[in-house]
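The values are calculated or read from the model by the stated rules, or taken from the named source; none is laboratory data. Note that the coordinates shown come from a computational prediction; the quantities given were computed from them, not determined experimentally. To get the accessible areas, we keep the full protein, side chains included, count just its heavy atoms, and leave off ligands, DNA and RNA. Shrake-Rupley method; radii C 1.70, N 1.55, O 1.52, S 1.80 Å.
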Amino acid sequence: IPIGLGYLSVSFTFGIMAISLGFAWWQAVLISMTTVTSAGQLSGITIMVNPGQYIEMLISQLTINIRYSFMAVSLSQNADGKFKGIFRWLLGFFITDEIFAVAVNEENVTRSFFSGLAVIPYLGWTLGTLAGALLGNILPDSVMSALCIAIYGMFVAIRAPKATKEKPLLAVVAVALALSCMFYYLPLLK
């Protein structure tokens with residue numbers, strides 16, 4: 001449910017952006033139903049409005065989304081014996097950063113566990129896009145800014161408890177935080 005609520009807010013922003021670029025509400029929803037990836041969708045619709053850039057589309061989508069393939073392969077190692085055939089394809093389709101972060105903590109990922117983990121976020125993603133496409137222009141900018149950062153807060157909330165228990169993971173988080181601050185605040189690196 002928390003992942004679904006987080007996706008609801010982020011995909012709301014996608015719905016608004018799709019409409020602002022000239023897509024119909026149903027096209028935005030169809031894109032969200034067939035491509036559950038915020039970065040991939042946002043870059044994809046930007047490229048779609050400039051026809052003829054198919055190579056750029058291919059390269060950007062492969063670059064953005066290849067990590068999901070690695071996540072799916074990694075997670076399939078923990079899948080139980082009944083997780084075969086079409087269910088493995090569905091596992092790959094529904095993989096997102098947040099779903100992977102929760103599922104990877106399970107020693108044995110069953111079909112029912114993964115279905116429960118993936119369906120509500122998928123619905124949140126789709127309904128958020130629909131709401132953004134239909135209602136997006138009525139919200140103030142401050143609310144839109146809050147919606148845009150909700151996904152990052154959710155991801156931190158999923159990973160933070162594990163990082164506090166594992167020192168190597170905590171070290172990686174600290175280094176990433178320090179580097180991010182350096183690249184943002186230091187004039188030479190900015």
Q: Identify which of Thr34, Thr164, Thr126 has the largest mean-square fluctuation in a Gaussian network model of the chain, with springs joining Cα atoms closer than 10 Å.
A: Thr164
Q | Most mobile listed residue (Gly128, Gly81, Gly15) in the chain, GNM with C-alpha springs under 10 Å | A | Gly81
Q: Could you tell me which helices of the chain pass both thresholds, a Cα extent of 24 Å or more along their own axis and a mean Kyte-Doolittle hydropathy of at least -1.0, with helices taken as whole DSSP H runs?
A: 2-20, 54-76, 111-135, 141-165, 167-185
Q | Label of the coordinate-derived value, semi-axes √(5λ) of the Cα gyration tensor in Å, listed as (1) 42, 18, 12; (2) 27, 24, 18; (3) 35, 18, 14 | A | (2)
(Q) Please compute the per residue accessible area over the chain with all protein chains in place, 1.4 Å probe, rounded to a whole number of Å². (A) 60
Q: Could you please put Tyr185, Tyr68 in sequence from largest to smallest accessible area, using a 1.4 Å probe?
A: Tyr185, Tyr68
Q. How much mean residue ellipticity at 222 nm does the chain get from its helices, if each DSSP H run of length 4 or more adds -39500 (n - 2.57) and you divide by all residues, to the nearest 500 deg cm²/dmol?
A. -26000 deg cm²/dmol
Q) To the nearest 10 square angstrom, how much accessible area does Glu98 have with a 1.4 angstrom probe? A) 20
Q) Of all the accessible heavy-atom surface of segment 60-142, with the other protein chains kept in place and a 1.4 Å probe, what percent is carbon and sulfur? A) 66
Q. Highest GNM mean-square fluctuation, the chain, Cα pairs closer than 10 Å: which of Leu130, Leu91, Leu58?
A. Leu58
